[in-house]
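A quick write-up on the structure given underneath.
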Amino acid sequence: MRIGIDARVLDRPITGTGRYLLNLLKELPNHDLKNEYFLFSNSNLTVDKTFYKIVSHKPSLLPLKLFSPIWLNSTLPRLIEKHKIDMLFEPNVLLPLVNLGKVKCISVVHDVIFKVYKEYYPFFYRQYLSLLLPPSLKKSDCVVTVSELSKNDIIKYYKIPKEKIQVVYNTASEQFRPRNSDEPGYSEILKEYSLPKKYLLYVGVVERRKNILGLIKILDLLAKKGSDLQLVIIGKPGYDSEAILPEILKRKKTIKYLNFVSDEALAYIYNSAFAFIFPSFYEGFGIPPLEAMQSAIPVLSSNTSALVEVVGDGGLIHNPNDYTEYVNDILNLERDSEYYSLMKSKALEQSKKFSIKETTKQLVGIFKEYTKN
């Protein structure tokens, strides 16, 4: 069987969907030696070229947002026909609207937060997905999503039969793990980014949905309680960030803002953090808390959405607006070394429930199931 994968999310700086695909591509060669895999993109991807056939299409001079739907509905179908693809795996939500013949289609819909909380997304983005997602869901032979919450949201808003939806949890790269401070490169990376000696860490897009302003309030309350903890924020600006960035930038003495760091550096930055904090209002999954748990640092998170599934007993979870409870937990972690060690252990234990090997095995099983039909 010849399986095509739309890999364009790897053409740009890695975000959640790109990380999802990258982790999968690293593990697939260990699970499936029978099928042929074709990666369609606009660049020469850095992956295992002995296992994957890379089909790079010359990028357009048009802006990405304009060219993307053209590529999806014109270029991709031609490539599918040319390479005699039997199944299309689409990790980034939308399938081509054009007829693909007998090609089986599996799409990954990570979440439908734009339907649940419209205020967190631009109007034209909501309209774009509202127009194109329903026919894509209808066309999918199977819809893969990353949490039970997202599955329920898809059923609620799009009336998709539950039998058509498979939950396959996200995972984090194995490079996120407990590390020793004497590892080669560890101290150099920390010096390169001029990180504080003791800090809370947030990783994710800087936008309203992530409750960054609430996170800043937590930091301010900690300072009033006498804590010397600083905050490191890593993530590119997102929707409505113009209301958030000034609050970050005027606290340069207590907040270190890094727009982007490499995954290699991020692994060490997690390990040197005092704790990870993620008071997001709503998540379809939440990869950064998983990366933090896998790195064995205490995690503080919201008790909303899929974060309850992901963090579970592995962290300290509260209402995203209950800043006082977050502050109390952080102070307890600072004052009680045994409690701190316990939360590190709980984080690492919870992370073991999200195995890249098990996730890939599930997906390969889905591929096999739908090519039999």
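Please find, among Asp86, Asp141, the residue that is among the acidic types (Asp, Glu) and open to solvent by less than 60 Å² (accessible area, probe 1.4 Å). Explain how you work it out, then say what you get.
Values: Asp86 fails: open to solvent by less than 60 Å² (accessible area, probe 1.4 Å).
The unique qualifying residue is Asp141.
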* In this structure, is Lys256 touching a residue at least 60 places away in the same chain (Cβ under 8 Å), over 28 Å from Ile113 (Cα atoms) and among the basic types (Lys, Arg)? -> yes
* To do: For segment 178-270, please list each of the strands (runs of 3 or more DSSP E) lying entirely inside it that holds at least 3 residues being farther than 19 Å from Val327 by Cβ and either open to solvent by 50 Å² or more (accessible area, probe 1.4 Å) or in contact with a helix residue (DSSP H, G or I) (Cβ under 9 Å, 6 or more places away or on another chain) (or both).
  => 255-258
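Is it the case that segment 317-340 has a residue that's at pLDDT below 95 and over 17 Å from the mean Cα position of the chain (by Cα)? Explain how you work it out, then say what you get.
First, pick out the residues of segment 317-340 that are at pLDDT below 95: none.
For segment 317-340, residues at pLDDT below 95 and over 17 Å from the mean Cα position of the chain (by Cα): absent.
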* To do: Within segment 278-314, work out how many residues are part of a loop (DSSP other than H, G, I, E, B), within 20 Å of Glu334 (Cβ to Cβ) and not hydrophobic (A, V, I, L, M, F, W, C).
  => 3
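Inspect all residues belonging to segment 178-189 and state whether any of them is among the hydrophobic types (A, V, I, L, M, F, W, C), in contact (Cβ under 8 Å) with a residue 60 or more places away in the chain and farther than 27 Å from Lys26 by Cα. Steps first, please.
Kept after step one, since they are among the hydrophobic types (A, V, I, L, M, F, W, C), are these residues of segment 178-189: 189.
So of that shortlist, the ones also in contact (Cβ under 8 Å) with a residue 60 or more places away in the chain come out as 189.
Among the residues that remain, those that are also farther than 27 Å from Lys26 by Cα are: none.
Scanning segment 178-189 turns up no residue that is among the hydrophobic types (A, V, I, L, M, F, W, C), in contact (Cβ under 8 Å) with a residue 60 or more places away in the chain and farther than 27 Å from Lys26 by Cα.
Can you find even one residue in segment 28-36 that is closer than 20 Å to Gly286 by Cα, within 20 Å of the chain's Cα centre (by Cα) and open to solvent by less than 40 Å² (accessible area, probe 1.4 Å)?
no
Residues checked against (1) open to solvent by 10 Å² or more (accessible area, probe 1.4 Å); (2) under 16 Å from Tyr282 (Cα atoms):
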{"residue": "Leu94", "(1), (2)": "yes, no"}
{"residue": "Lys102", "(1), (2)": "yes, no"}
{"residue": "Cys105", "(1), (2)": "no, no"}
{"residue": "Val109", "(1), (2)": "no, yes"}
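Going by the conditions given, is Ser136 out of contact with any Phe, Trp or Tyr (no Cβ under 9 Å at 6 or more places or on another chain), among the polar types (S, T, N, Q), closer than 19 Å to Ile113 by Cβ and crowded, with 17+ Cβ neighbours inside 10 Å?
Numbers: out of contact with any Phe, Trp or Tyr (no Cβ under 9 Å at 6 or more places or on another chain): yes; among the polar types (S, T, N, Q): yes; closer than 19 Å to Ile113 by Cβ: yes; crowded, with 17+ Cβ neighbours inside 10 Å: yes.
Yes.
Working carefully through the options Val146, Val116, find the one that is touching a residue at least 40 places away in the same chain (Cβ under 8 Å) and within 27 Å of Ile85 (Cβ to Cβ). Show your work before the answer.
Values: Val116 fails: within 27 Å of Ile85 (Cβ to Cβ).
Sole residue among the options that is touching a residue at least 40 places away in the same chain (Cβ under 8 Å) and within 27 Å of Ile85 (Cβ to Cβ): Val146.
The values are calculated or read from the model by the stated rules, or taken from the named source; none is laboratory data. Because the structure is a prediction, the values reported are computed rather than measured. Quick reminder, even Gly has a Cβ in these numbers, built from the backbone with ideal geometry, and neighbours come from all protein chains shown. Only protein heavy atoms, including side chains, enter the accessible area calculation; ligands, DNA and RNA are left aside. Shrake-Rupley method; radii C 1.70, N 1.55, O 1.52, S 1.80 Å.
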